[in-house]
Every structure is written in structure tokens, then in C-alpha cells.
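Just so you know, all these numbers are worked out from the coordinates, no wet-lab data involved. Given the structure is predicted, the values throughout are model-derived calculations rather than measurements. Positions of Cβ are generated from backbone atoms using ideal geometry, with glycine treated the same way; all protein chains shown enter the neighbour counts.
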Amino acid sequence: MENYLDVQEYIDEEKLKIIAHGIREGKIVLFPTETVYGIGTNGLNAEAVKKVYEIKGRNLKNPINLLVSSIDMVNMVAKDISNLEYKLMETFFPGPFTLILRRKPIVPNIVTAGTDTVGVRMPSGEIAKKLIEYANVPIAAPSANISGTPSGTTLEDILDDFSNKVDIMINGGKSDIGIESTIVKVIDGIPHILRPGAITVEQIKQVAGNVIVEDSKLPSKELKHYQLGVDSILVYGKNEKKVIDKINSMIKTYNFPILLTFSENKLKYNTTNIIDIGSKHNLEEISKNIFTKLRQAEKLHPDIIIIEGIEKKGLGLAIMNRLLNTCNGNYIKV
């Protein structure tokens, strides 16, 4: 079996079927989804899933979601599904939406970290969909990154981390969305957003009528996410001039700061050490860029990464969630 497949211009169905068969047999595969790249294997094979944990350096207390290709596959791994949960799946599957459901015994304990629930998602990305269909098993697939670091949205971002550690790598180009899925758990008939993503609070309200956004808890020492190898700080507020003035005053206090800011604001800062994360009027562009830009900044080895924040609304809520975690709660609100 070849250990690399490029599907950016042409999808070789026969090779995908061979790779999917490998997944069914417990092989570990790096592959693109519409959200971020995943590192996946047969979600019903406990030993294979254990290898995914080991390769990522993932804490065994951190459960892994299952990718499915149909509602029948959801019913294979989950039980006691309510009408609202089916309605949420009907609306948001396939797509960047993960639903936490009660698990069936067929799901190994290692997938769920010993809990009685399992997260399920039906991806819309063509490669991920085909792999699940051809494997004919749910795929346990956390984001393809070494645990604690930013997720990979291009194969190039994560190539060094996983070279010679996985059985196969599939290059599908840049992820369409760029941040992980929205995670929802229905509690007492109300959807609770456990992790914001591209499916927004507003969209879920249209289906369910009521939504609760869980307080964004900073990562514990055991389960950190998106951390960089250099110090970083997020600066945000409703008054853009105050944000810019604050950042300009901060820039003076560092020898080599790197600033992540919007295309429109690049010329408003007293530094040339700037990385453009996209237009502030195009949150989809920022979402798609953010993890790659964070990795780019880290590789420059600055003494601080300063990030200009955005409003926590719509997709902005998910972007700010990732940035707050990146900075480990180190932020200034002006």
C-alpha cells in the first residue's frame, strides 16, 4: 500500500478503496475533512484507536469523536436518540457539527474515555465521506496535530509531526473551514454548545428554539489545546481605536513582537512584523487561515505573539474560542 496519496486534482477511487480497507483493518490514516485534517482509524477497533492516542500524545481522558457516513451508522453506535437530536442531525449532517449521544456497547471504552456518551459527526468533505463509506465502519478521527498544538489545515502544516508515524497520508489541499466542528449535547431538551464552530448559535436556535452556550473554560493542565511554543496574548474590545492604541503601546515593550491582525489594519501599527489573517469583514477567510498563520508566527521565534481579536458573534465566537485557548487565557479586553 502506498503511504501517500494526492487528491487535490484527481481522486483515484480505487486507491481510496484500498486505503479505506486499511482503515477497516486498523491502519492509521491522515486525511482531509472540511474542518481540519484528521488522524483516523477503525473506531470499533480499540487497539487501533489506542495507537492514535499514542501518535498524537493525546490524554486518554480526552474522548475521540466518531465520523459516520449515514444515520444508520449513527444508530449502530448510539441509542435512545430523541426527536430533537434526529432533527439536529437532519439539519446539520453532513457538515461541521458533532452531536454527543448515548453510546452503545459496540463503541470501545477508549473512544469515549470510559463515559456513556459518544460524539458523532457526518463530514461533508468528499474524501472523508468516501473513506467512511468504503471502510463501512465509523472512523475515530481527532484533529491531526500533536496534542496541545494548533490543528492542521494543510498537510504541510503537520507533515513533520506525523512523518513515519502513520500508515498513509492523503493530501487534499487546504481545509475549507479551518476550525473544528461545533460540538453540541442536548440536555433536558435544550442543545448545549460545548465547543463553538462553524455551525453557529443562531443557526441552532432556528432549529431548537433555545440554546445554551457553555462557559468557555480555559484548558486544564491535562487537556490543553492549540498551545504555541512562544508566549501569546489576545487583545480585543468593541472600540477598535482603543485596541489599536493598546497594541501599539505593547509593541514598544518587546524586542521582537509578531502581530496577527486584519488586512484593513496592517498600516495602523508601528511595526512591520505583521501577519495578515484576512479581512475583518470575512470571518470565513480568518477561520480558514488562523491555524496556519499561528504556526507561521511561531516559526519566526518572536518573544511575543500579539493577536487582534474580533467580536464574539456568529463564527467569531468559534474563532475567539480558539484564540483564547491559544493564549491560555492571556488576554486584554479594552
Top-ranked residue of segment 157-176 - restricted to ones that are assigned to a helix (DSSP H, G or I) and without any contact (Cβ under 8 Å) to a residue 12 or more places away in the chain, ranked as nearest to Lys15 (Cα to Cα): Leu159
Some residue of segment 281-300 being within 21 Å of Leu228 (Cα to Cα), surrounded by fewer than 20 Cβ atoms within 10 Å (Cβ to Cβ) and of a type in the set (A, V, I, L, M, F, W, C): yes
Segment 262-281, subset within 25 Å of the chain's Cα centre (by Cα) and in a loop (DSSP other than H, G, I, E, B), residue nearest to Lys246 (Cα to Cα): Phe262
Candidates Ser147, Ser143, Ser124, filtered to the one that is of a type in the set (S, T, N, Q), crowded, with 17+ Cβ neighbours inside 10 Å and in contact with a helix residue (DSSP H, G or I) (Cβ under 8 Å, 6 or more places away or on another chain): Ser147
Close pairs (7 angstrom Cβ cut-off, 6 or more residues apart or separate chains): touching a residue at least 24 places away in the same chain (Cβ under 8 Å) in segment 250-267, of a type in the set (Gly, Ala, Ser) and in a helix (DSSP H, G or I) anywhere: Ile258/Ala297; Leu260/Ala297
Sole residue being part of a loop (DSSP other than H, G, I, E, B), in contact (Cβ under 8 Å) with a residue 60 or more places away in the chain and farther than 25 Å from Leu283 by Cα, chosen from Val186, Val137: Val137
